[in-house]
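The values are calculated or read from the model by the stated rules, or taken from the named source; none is laboratory data. No experiment lies behind these values; they were computed from the predicted model shown. In this analysis, Cβ positions are derived from the backbone assuming ideal geometry, glycine residues included, and neighbour counts consider all displayed protein chains. Please note that ligands, DNA and RNA were not included when accessible areas were found on the heavy atoms of the full protein model with its side chains. Shrake-Rupley method; radii C 1.70, N 1.55, O 1.52, S 1.80 Å.
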Amino acid sequence: MGETSYRFPHRGLTTASALNRVDLQMIADRAREHLSRNRETDKKHPSLKGLTVINLFFEASTRTLASFEIAAKRLGADVVNFSAGNASLKKGESLADTAETLAAMRPDILVVRHQSPCAAGFFQNTTGVATVNAGDGAHEHPTQALLDLFTLEEHFGDLGGRRIAIVGDILHSRVARSNVALLSLMNAEVRLCGPASLLPADADRWGASVFHDLDTGLEDCDAVMVLRLQRERMSAGFIPSSREYAALYGVNHDRLDAAKPECIVLHPGPMNRGVEITSALADDPDRSVILDQVEAGVAVRMAVLELIAGRGPQEVVL
Amino acid sequence: MSLSTLITGARVVDPASGSQFEGDVLIEDGVIAAIGPALSTSGAEIVEAEGAMLAPALIDLRARANEPGSAGTEMLDHTLRAAAAAGVGTLVLSPASGSGIARPEDVEVVTSRALTAPVRLLAAGLTHTASGDMAEAGLMLRAGAAYIGEGSGQIADMRFLRNLLSYVSAFDAWVSLRPEEPSLADGTIAHESSMSVRLGLPVRPALSERLGVERLAALGELTGARILLDRLTTSDGIEALKAARKRGLEMAASVPLTHLLFNEVDMGALDPAFRLDPPLRAEADRAALLAALANGLVDVIVSDHMPVAAELKANPFSDAPAGSANLEALIPALCTLDADGQLPLFAGLKALTSGPAELLGLEQGRMEEGAPADLILFDPSAPVIYGKDGLYSPSPSAFSGRRLQGRVLKTWVEGAMVYAHHAE
């Protein structure tokens, strides 16, 4: 016969670099099905029926939490949310105790957002419960990178040879770290562009090229991923002011002249309009795929939840 | 009015190449059109040099003015006329000028003043704002700032300094930083030596400067920033620079004019005119600075012109503000050092012409055909008593009353004569 099959091996997703190209293909194929079903009136696909998902958000979030909650609910799971404001997360117990207590309630999936790098992995290792990293400090945000990749592939098809710039505060960005891993795996040419004080000293060893001048960085790009600029970067002395940032690193139609004419713009949100991106560009239907990203987010997270729970199309013939 | 000027019979010097010859220079349309023996042209205004020296006009990377913002007794107009009379064709206002050049708008104020200035006027931008945030270095450089630098007082926060150097490195601009260990330097007014200790002055050890150079070298290595060591004054500092250069670091350094002529003994009588920052050092330090200039280790001499109101200087040494008006002493000081065999005139001129020009990428500062006609004619052997015939800067100077030699006769900027000395 000569045919081999591959089973999705992951029972959790704490880092994007754990995924190979086949994994990505399986997630994307499944997400595409969910994406079209999500546009129907009946969005229910109860593949996670009977399973319990706990969304554990130690750091404030609206869009990521909503996206995970909707994804799990459409799949028929029982969903419980704990978020930063929740007193139960602030009782002074160790994170290991919190993890074990929750695990004793027999959830099937934990979705964890935490301010400490590698916190999601800590939950998975402590409890053995399938854990999805919804952002851990400046470390990783794998589902964001997956939805970015999905959006890009829906637009371009194969990303091999496509030039993609990630612009902004790379130093503090988990989105950038996860994206560099996945985009490089898909053989895209990744460029990192931002103020030198917001780029890690060894970023050129990430397999991406580094630029401090936006016009040079955007040259002939197929896509630009604009990162959110946190206000506290100014008071912490990393960069002077949002005015200077907007003037030097803010992406707008004029700056995009350096890129390919059909270059698209992504942003993980929430946006500082007028700082890292102009409103005109963010709202330009010919350029901006920002709302496509949000829509893809639910579908991609549905696919991830199903596959790590062993309830999706787990096998593929190579 | 004639658009061309022919300067005849000059000793033409080019500090960049070290060449010197008798000859003529033709200025046309603001540039040096021809250099050579026995040039002739019709319709040009003739200036007979009568054997005086003709050199590129000086470029001073550090002069404090009392503007923009609050003006003191010395107005910017005074400073600019002093510059023209001093043979300075390009004057860079230090970042702490006036109320501080901390925003692109402040740079623009200086740039607009430059339109009516007799000499080329540039501004340097501050590293940080009054509230301690990083200043808008990118926008200031875009507005024309010559470099970014500290004001008075050193940045103690290493993390801030690292971020700043990293950030500015992207713009390929120089960051001028005074090498000093703030915890050793703050509150001191004199160089640490047996003499100053006996005088009961709070003293700053040379170690402070050495540690400053070493930490900036380390930060430069990490961030790739182009660091201009602002006003080295000690032999320890020079040694630390030498070590950094040996490691291949791109660091430049300036020395202040005052410290080439004076040492702590000049300060010994506690005349407030010699209250300077950094303080005057030992004779061995002065010798080390001169040697570093002669061998090219140090790139730049700065006037460190600092107009202090006379009434503020009329206080005991420790209470008088630091600073001295030095612009008009530049050429007399260089000529005197040369005549005394302490520093060859070419080395001194180089550090005030092609040295700073190369640093900032300026076209002027060279005696070359096609270069901007920023020129000075000076008599290197004319005896002067500093200030006796009056000065354009009304501010107190450490050079006052000093017997020197060397007088600027004429200054041209972009081909236009902006100063001519009139004998009494």
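Looking at the stretch A:76-163, which trypsin sites (Lys or Arg not before Pro) are DSSP coil and have at most 14 other C-beta atoms within 10 Å of their C-beta?
Details: sites: A:Lys90, A:Lys91, A:Arg113, A:Arg162, A:Arg163; in loops: A:Lys91, A:Arg162.
Passing sites in the stretch A:76-163 are A:Lys91.
Among A:Phe58, A:Phe122, B:Phe262, what's the order by accessible area (1.4 angstrom probe), most exposed first? Could you put the intermediate results ahead of the total?
Working: A:Phe58 35, A:Phe122 85, B:Phe262 5 Å².
Ranked from most to least accessible, the order is A:Phe122, A:Phe58, B:Phe262.
Accessible area per residue, 1.4 Å probe, Å², for the protein assembly as shown: what's the number? Walk me through the numbers before you get to the answer.
Numbers: 28360 Å² over 742 residues.
Ligands and nucleic acids excluded, the figure is 38 Å² per residue.
Would you calculate, for the protein assembly as shown, the mean residue ellipticity at 222 nm contributed by helices, counting each DSSP H stretch of 4 or more residues as -39,500 (n - 2.57) and dividing by all residues, to the nearest 500? Let's see the in-between values first.
Working: 26 runs with 239 residues, N = 742.
Value at 222 nm, helices only: -9000 deg cm²/dmol.
With every protein chain left in place, what is the accessible area of A:Asp29 in Å² (1.4 Å probe, nearest 10)?
A:Asp29 exposes around 60 Å² with every protein chain in place.
Other chains' Cβ within 10 Å of B:165-175 residues: what's the mean? Walk me through the numbers before you get to the answer.
On the way: counts 2, 9, 10, 3, 4, 9, 5, 2, 0, 0, 0.
That works out to 4 on average.
Add +1 for every Lys or Arg and -1 for every Asp or Glu among the other residues with Cβ under 14 Å from the Cβ of B:Arg204, and state the total. Each step should come with its number before you reach the end.
On the way: positive: B:Arg178, B:Arg210, B:Arg231, B:Arg275, B:Arg281; negative: B:Glu180, B:Glu181, B:Asp186, B:Glu192, B:Glu209, B:Asp236, B:Glu264, B:Asp277, B:Asp285.
Counting the neighbours of B:Arg204, the net charge comes to -4.
Which order do B:Lys313, B:Lys350, B:Lys246, A:Lys44 take when ranked by solvent-accessible area (1.4 Å probe, heavy atoms of all protein chains), largest first?
Details: B:Lys313 20, B:Lys350 95, B:Lys246 175, A:Lys44 115 Å².
Putting B:Lys313, B:Lys350, B:Lys246, A:Lys44 in descending order of accessible area: B:Lys246, A:Lys44, B:Lys350, B:Lys313.
When chain B is treated as a GNM, springs tying every alpha-carbon pair under 10 Å, which of B:Leu199, B:Leu375, B:Leu219 comes out with the largest mean-square fluctuation?
In this elastic network of chain B, the residue with the biggest mean-square fluctuation among B:Leu199, B:Leu375, B:Leu219 is B:Leu199.
If you wrap the stretch A:269-318's Cα atoms in a convex hull and average its projection over all directions, what's the area in nm²? Walk me through the intermediate numbers first.
On the way: hull surface 21.5 nm².
Averaged projected hull area, Cα only: 5.4 nm².
Ordered by packing density, taken as the mean number of other Cβ atoms within 10 Å over each peptide's residues, highest first, how do A:61-69, B:14-22 rank? The partial results should precede the final answer.
Values: A:61-69: 18.9, B:14-22: 15.8.
The most tightly packed comes first, giving A:61-69, B:14-22.
Carbon and sulfur together cover what percent of the accessible area of the stretch B:273-346 at a 1.4 Å probe radius?
Numbers: 1230 of 2250 Å².
After summing per-atom areas, the C and S share lands at 55 percent.
What residues does the stretch B:110-137 have that are buried by at least 20 Å² of accessible area in the full protein assembly compared to the chain on its own, 1.4 angstrom probe?
Those are B:Asp133, B:Met134, B:Glu136, which lose 20 Å² or more relative to the chain on its own.
Accessible area of A:Ser94, 1.4 Å probe, to the nearest 10 Å²?
About 60 Å², rounded to the nearest 10.
Order B:Cys335, A:Cys118, most accessible first, counting only protein heavy atoms with a 1.4 angstrom probe.
On the way: B:Cys335 5, A:Cys118 75 Å².
I get A:Cys118, B:Cys335, largest accessible area first.
Run the Debye formula on the Cα coordinates of the stretch A:121-215, all scatterers equal and no solvent, and tell me log10 I(q)/I(0) at q = 0.14, 0.20, 0.21 1/Å.
Per q value, in the given order, log10 I(q)/I(0) is -0.54, -0.97, -1.04.
When you take every Cα atom in the stretch B:141-187, what is the radius of gyration, and what is Dmax, the widest Cα pair distance, in Å?
When restricted to the Cα atoms of the stretch B:141-187, Rg and Dmax are 11.9, 36 Å.
Please work out the FRET efficiency for the pair B:Asp319 and A:Asp97, using the Cβ-Cβ distance as r and a Förster radius of 60 Å; give the result to the nearest 0.05.
Numbers: r = 63 Å, r/R0 = 1.05.
The pair B:Asp319/A:Asp97 has a calculated efficiency of 0.40.
Nearest 10 degrees is fine. How inclined is helix B:330-339 to the longest principal axis of chain B, computing both from alpha carbons?
Taking the Cα atoms of chain B, the angle to B:330-339 is about 90 degrees.
Below 8 Å between Cα atoms, with a sequence gap of 6+, how large is the relative contact order for chain B in percent?
Values: 1030 pairs, mean separation 81.8, N = 424.
This gives 19 percent for chain B.
If I fit a long axis through the Cα atoms of helix A:290-308 and take the longest principal axis of the Cα atoms of chain A, what angle between them do I get, 0 to 90°, rounded to 10?
The angle comes out near 30 degrees.
For a quick size check, give me the Cα extents of the protein assembly as shown along its three principal axes, largest first, whole Å.
Ordered largest first, the protein assembly as shown gives principal extents of 104, 66, 47 Å.
Tell me the accessible surface of B:Asp24 in square angstrom (1.4 angstrom probe, heavy atoms of protein chains only), to the nearest ten.
So the heavy atoms of B:Asp24 present about 10 Å² to solvent.
Against the longest alpha carbon principal axis of chain B, how many degrees, from 0 to 90 and to the nearest 10, is the axis of helix B:206-223 turned?
Taking the Cα atoms of chain B, the angle to B:206-223 is about 80 degrees.
Cα-based Rg (one decimal) and Dmax (whole number) for the stretch B:1-134, in Å?
18.8, 60
To the nearest hundred square angstrom, how large is the accessible surface buried between A and B, total for both chains, probe 1.4 angstrom? Before the final figure, lay out the partial values.
On the way: alone 13510 and 16300 Å², together 28360 Å².
That pair of chains buries around 1400 Å² in total.
Counting C-alpha atoms alone, how compact is chain A: give Rg to one decimal and Dmax as a whole number, in angstrom.
So, for chain A, Rg and Dmax equal 19.5, 64 Å respectively.
Using just the alpha carbons, could you tell me how many Å³ per residue the convex hull of the stretch B:273-418 encloses? Present the calculation step by step, with values, prior to reporting the outcome.
Details: hull volume 18.8 nm³, N = 146.
Hull volume normalised by residue count: 129 Å³.
In nanometres, what is the gap between the two model label sites at A:Ser17 and A:Asp220, each 7 Å from Cα along Cα-to-Cβ?
Modelled inter-label distance: 2.9 nm.
Any idea what the alpha-carbon Rg over 2.2 N^0.38 Å comes to for chain B?
Details: Rg = 20.6 Å, N = 424, 2.2 N^0.38 = 21.9 Å.
Normalised Cα radius of gyration, chain B: 0.94.
Would you tell me the mean number of C-beta atoms belonging to other protein chains that fall within 10 Å of each C-beta in A:238-251, as a whole number? All intermediate terms of the calculation are to be shown ahead of the outcome.
Details: counts 7, 8, 15, 8, 0, 4, 11, 2, 0, 5, 7, 1, 0, 0.
Per residue, the average neighbour count from other chains is 5.
For the stretch A:241-309, what does the relative contact order come out to in percent, with C-alpha contacts under 8 Å and a separation of six or more?
Values: 50 pairs, mean separation 22.9, N = 69.
Once normalised by length, the contact order is 33 percent.
Set the bar at 25 Å for Cα to Cα. Now go through B:Lys313/B:Lys410; B:Lys246/B:Lys350; B:Lys242/B:Lys350; B:Lys350/B:Lys410 and name every pair that lies beyond it.
On the way: B:Lys313/B:Lys410 32 Å; B:Lys246/B:Lys350 22 Å; B:Lys242/B:Lys350 19 Å; B:Lys350/B:Lys410 19 Å.
Exceeds cut-off: B:Lys313/B:Lys410.
If you average the sequence gap of Cα pairs under 8 Å that are 6 or more apart and divide by the length of chain A, what percent do you get for the contact order?
Values: 627 pairs, mean separation 70.9, N = 318.
For chain A, the relative contact order is 22 percent.
How big is the antiparallel share of DSSP beta bridges in the protein assembly as shown, given as a percent to the nearest 5? Don't jump to the answer; show the numbers that get you there.
Working: 36 of 103 bridges.
Once the DSSP bridges in the protein assembly as shown are tallied, antiparallel ones form about 35 percent.
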